[in-house]
Amino acid sequence: MKSIIVYSSLTGNTKKLAESIRNDVYNDTVFASVDEVTEINNYDLIILCYWVDKGTCDGKTLKLIEKIENKKIIAMGTLGAYPDSDHAKKCKENVKVAINEHNEHLGSFLCQGKIDERLIERFKSLPADHPHAITEEKIKRYKEASKHPNEQDFKNAREFVKNIIERN
């Protein structure tokens with residue numbers, strides 16, 4: 001099965017996640033940034049590694065998904081929220097819907113990742129009644145997110161991918 005790992009990364013989190021999969025799961029798989037991919041439909045299995053933006057995968061990954069047809073796709077993402085939060089569940093669902101339009105979604109994995117400092121600075125200037133305004137709880141989550149992805153996240157991601165491959 002011809003496969004590729006494609007990643008889009010803003011802060012480096014998602015690239016690290018993609019590399020951990022490549023290095024420990026698929027040493028012979030093609031590995032590329034979303035910006036480098038030209039012929040995505042030449043692969044049977046596509047592992048899409050993205051960062052969450054506005055409740056779904058980032059814009060570059062969404063544009064790539066639009067070009068993919070009749071492929072098996074595993075979605076792997078990083079986000080600042082907790083991976084078991086309602087927000088994370090909604091993000092997974094949004095990505096699944098985008099993938100399933102023309103492909104077979106094999107599964108989704110999310111782990112925390114540090115948040116872009118520029119975004120946090122923007123949040124600090126928002127009024128208190130804004131949904132993204134800074135609160136003590138959010139500061140705590142941002143600090144926790146800054147520790148991720150970590151070795152446990154990488155291990156979980158590798159196991160997730162291995163389990164899907166074994167089933168298909």
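The values are calculated or read from the model by the stated rules, or taken from the named source; none is laboratory data. These figures come from a predicted structure and were not determined experimentally. Cβ placement follows ideal geometry from the backbone for every residue including glycine, while neighbour counts extend to all protein chains displayed. Please note that ligands, DNA and RNA were not included when accessible areas were found on the heavy atoms of the full protein model with its side chains. Shrake-Rupley method; radii C 1.70, N 1.55, O 1.52, S 1.80 Å.
Output the residues belonging to region 80-115 that are among the polar types (S, T, N, Q), assigned to a loop (DSSP other than H, G, I, E, B) and within 17 Å of LYS138 (Cα to Cα). Don't jump to the end; show me each part of the working.
Within region 80-115, the subset among the polar types (S, T, N, Q) is 85, 94, 100, 103, 108, 112.
Now restrict to residues that are assigned to a loop (DSSP other than H, G, I, E, B): 85, 103.
Scanning region 80-115 gives a single hit, SER85.
Quick check on region 54-66: of everything there that is in a loop (DSSP other than H, G, I, E, B) and in contact (Cβ under 8 Å) with a residue 12 or more places away in the chain, which residue is surrounded by the fewest Cβ atoms within 10 Å (Cβ to Cβ)?
Of region 54-66, the ones in a loop (DSSP other than H, G, I, E, B) are 54-55, 58.
Those still in the list that are in contact (Cβ under 8 Å) with a residue 12 or more places away in the chain too: 55, 58.
Values: GLY55: 13, ASP58: 19.
Among those that are in a loop (DSSP other than H, G, I, E, B) and in contact (Cβ under 8 Å) with a residue 12 or more places away in the chain, it is GLY55.
Which number in (1) part of a helix (DSSP H, G or I); (2) on the phi > 0 side of the Ramachandran plot; (3) not acidic (Asp, Glu) marks the one condition that ALA18 misses?
Among (1) part of a helix (DSSP H, G or I); (2) on the phi > 0 side of the Ramachandran plot; (3) not acidic (Asp, Glu), ALA18 violates only (2).
Would you confirm, using the coordinates I've provided, whether ASN70 is touching a strand residue (DSSP E or B) at 6+ places or on another chain (Cβ under 9 Å) and not in a helix (DSSP H, G or I)?
Yes.
When region 128-157 is examined, which residues are found to be open to solvent by 40 Å² or more (accessible area, probe 1.4 Å) and either in contact (Cβ under 8 Å) with a residue 60 or more places away in the chain or in a helix (DSSP H, G or I) (or both)? Working first, answer last.
Step one: list which residues in region 128-157 are open to solvent by 40 Å² or more (accessible area, probe 1.4 Å), which gives 128-132, 134-137, 139-141, 143-144, 146-147, 150-152, 155-156.
If the condition is that a residue be open to solvent by 40 Å² or more (accessible area, probe 1.4 Å) and either in contact (Cβ under 8 Å) with a residue 60 or more places away in the chain or in a helix (DSSP H, G or I) (or both), then GLU136, GLU137, ILE139, LYS140, ARG141, LYS143, GLU144, GLU151, GLN152, LYS155, ASN156 are the ones that fit.
Can you name the residue in region 33-84 that is touching a helix residue (DSSP H, G or I) at 6+ places or on another chain (Cβ under 9 Å) and of a type in the set (Ser, Thr, Tyr) and, of all such residues, is nearest to PHE154 (Cα to Cα)?
Once the filter is applied, the top-ranked residue is THR78.
Take the residues of region 106-123 that are among the basic types (Lys, Arg) and surrounded by 11 or more Cβ atoms within 10 Å (Cβ to Cβ): which is farthest from the chain's Cα centre (by Cα)?
Taking region 106-123 as the starting set, the residues that turn out to be among the basic types (Lys, Arg) are 114, 118, 122.
Restricting the remaining residues to those that are surrounded by 11 or more Cβ atoms within 10 Å (Cβ to Cβ) gives 114, 122.
Values: LYS114: 13, ARG122: 22 Å.
Here the answer is ARG122.
Restricting to region 1-53, name every residue that is among the basic types (Lys, Arg) and either buried (at least 21 other Cβ atoms within 10 Å of the Cβ) or within 17 Å of the chain's Cα centre (by Cα) (or both).
Just the residues of region 1-53 that are among the basic types (Lys, Arg), to begin with: 2, 15-16, 22.
The answer is LYS15, LYS16, ARG22.
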